[in-house]
Every structure is written in structure tokens, then in C-alpha cells.
1. Binning at 5 angstrom from zero up to the longest distance, how are the C-alpha pair distances of the range 36-185 distributed in percent?
2. Working only with C-alpha atoms, what are the Rg and Dmax values of the range 228-319, expressed in angstrom?
3. For the Cα atoms of the chain, what angle does the longest principal axis make with the long axis of helix 213-225, in degrees from 0 to 90, nearest 10?
4. Please find, in a Gaussian network model of the chain (springs between Cα atoms separated by less than 10 Å), the residue of Val271, Val321, Val211 whose mean-square fluctuation is greatest.
5. Any chance you could check the Cα centroid distance between the range 113-153 and the range 268-302 for me, in angstrom?
6. Counting Lys and Arg as +1 and Asp and Glu as -1, each charge on the Cβ, what is the dipole of the chain about the Cα centre in debye, to the nearest 20?
7. Rounded to whole Å and ordered largest first, report the semi-axes of the equivalent ellipsoid of the range 180-247 derived from its Cα gyration tensor (root of 5λ).
8. What does the extension gain come out to for Val271 and Glu69, with contour length at 0.36 nm per residue minus their alpha carbon separation?
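Derivation of every value follows stated rules applied to the coordinates shown; laboratory data play no part. Bear in mind that the values here come from a model prediction, so they are computed numbers and not experimental data. All Cβ positions, even for glycine, are placed from backbone atoms using ideal geometry, and neighbour counts span all protein chains on display.
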Amino acid sequence: MQTSNVLVIGGAGFIGSHLISRLAGAASASGAPLNPATNPDSPIAPERILVGARNVEHAQHLLLLPRVEVFELGLADDAALDDAIGSLGVDGIVVNLVGVLHGERGDPYGPAFASAHVYLPRQIVESCLRTGVRRLIHMSALGADVQGPSMYLRSKGEGERIIRNSGLDWTIFRPSVVFGPDDHFLNLFAQMQQMAPVVPLACAHARFQPVFVMDVVQAFLNAMVNPATIGHGYELGGPQVYTLEELVRFAGRASGHPRPVITLPDALARVQAAVLEHMPGGPVMSRDNLDSMRLDNVLGAPMAPELGLHPASLESVMTDVLSGRNRELSMQIMRGSVHR
């Protein structure tokens, strides 16, 4: 079993919290069931697990896990980044999970997308080169492309280009939308239908191939110990493709509050998104999200066998969660909302 120290940048979020729980040997601490088709034992047992977070208050729940150290990491803090990466040792592993879904508009992308998806990957690469740490695993997105239709996809594509040209021992993952007990995707659709009599839906026919968060975590863990993944980018998706409308209807049925879905024409969808960009508490939907959904969010080929994954279906994980029949997972959803 490999014991390399690991730094997870952006580790306080949805995927990071599950990854760190597995790294710490606490597979059940995240509240998510393991996919029985996936090896439940982590192939890596780091002596130190460092978590870099922009706001350490959002990572307090991780301090309960063994061997976890949390530190504040601003997007422009080269010194803190060098200290953290350098402390791993030359056989350390850096994982970058930082991503933003919303931001001000700009050409080719706004400042929030540039900071998170372009400048930070460049900083990480430069810090790895300065400190001698070579292994870097980077979270991108399905459809990332410097010529993509949205700021999100263009900035993710530029971040990928920086990683690929770095000269480091990199692996890139490009997941479709990620689901799990504490996600902000299917749970949001379920909550909407508990409160609203109808669901006006933009891009109803956009296609997704949702992937279980614990399968994404397993892909990262396997890549940490499998040198065959170095220098490769991998798409991650689940066993089935759905339209956005099908996902919304599933969330309504599973939660016991199915509502009529009204498909919005493109012009009205953009008006709705422009309004939702300015909702109190942060955007729910943006025009850039609509631009991203112009591309099908599905795999171009079967997942690579070296990842060792047999993805769980959305229904097998989320039906009991959204219905409230699994009380443990429902409580985890509530705790996750407090942390965020």
C-alpha cells in the first residue's frame, strides 16, 4: 500500500470531503455508501493529508479525521503553496479540485474563472517545479476546451493545457455531473419540487451522464498508485445517459413531490438565467451554465479499464436518499448544508 503524503487543494467541497474521508481510512465518515463493485479499501494510506482551503471554516468537519491538516490557501499565495507542496516530500501527490460554476462575464472568460481554472493551475505547476514534487492529479470537466461555448469550459480547457504542458507526472479527470447524498444537483431539483407547483426548465433536452461521487473518488485513489495513468486524461461518467428533464422528473418522483415540468424556449431560458444569476445567496443558474449545456455532457468512449471502475447507477444510490428512507444519508445532507 502506497504511503505518499497528499495535498488536496480545494478539499473542503463536495468531492474533496469524500476523497479526504477515504484517504483518512474513514470510508463511512462521508455518509455515502461505497459502490460494492469498487474496492472498498483505499490503495493509499498517506502519513499526512493536507487540505488547502480558501476558507478554513468550511473545512472544520475534516479535522475530525485522522492525519488531516487544514490550512488557509488564497488563490495568490505562492509562499503558502510552496510550503505546503514542499512539505510533502518529493514522492508527494498534489490533487487540485478547485472549480467555480459562476462568475462575471468576460472574453474569453471572466476573472473568477481565470483565477480558479487558469491562474491557480499555473501556480500549482510552478510550485511543483520549484519544490521537486512531480505527481499532480487535476480535476477538469467533461467538454473542457479552449474553444468551448462557455466561459466555464474555455477556462477549464486552458487549465488543462497548462497541466498537459507542465512536464510533470500529471493525470486529468473530466467528469460529467457528479451526484451523491450531499450533492447540490439532484437535491436542488428535489427541494425545488417540494416548494414550487411547477418547474420551468431551461435546456430540458441537454444530456448528462451522471457519475457517483464515490466512483470519482475511487478513480483518484487508483490513479495515485497506478503509474499507467500518468500522462493521460480520463472522462468519468455513470452507466446511463439522461436528459435534464429526466433528471428533474426522477428527483421529483424519488422525493415524493413530482411536479409538472414546463420546457422553456431559449429566449425565455436566458431571461430566467439572467434573473437567477442575481439571487440572494449566490447564483442558482447563469447564462454561462446554459452555454455549457449546448454540448452534451456524455462520454465519448467507455471508461478506461486501468481506472478499475464499475460505476454505480444513479437510481441505486439516490432513490432512498431523496425519499428520506435512508435517515443516515438524509442527516448527512443536512450537515453538508451547514458546512456550506
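1. Result, from short to long distances: 2, 9, 16, 19, 21, 17, 11, 4, 1 percent.
2. When restricted to the Cα atoms of the range 228-319, Rg and Dmax are 17.0, 48 Å.
3. Its long axis makes an angle of about 20 degrees.
4. Val271
5. Distance between centres, Cα-based: 22 Å.
6. 460
7. Semi-axes, largest first: 32, 14, 8 Å.
8. Answer, rounded to one decimal: 68.3 nm.
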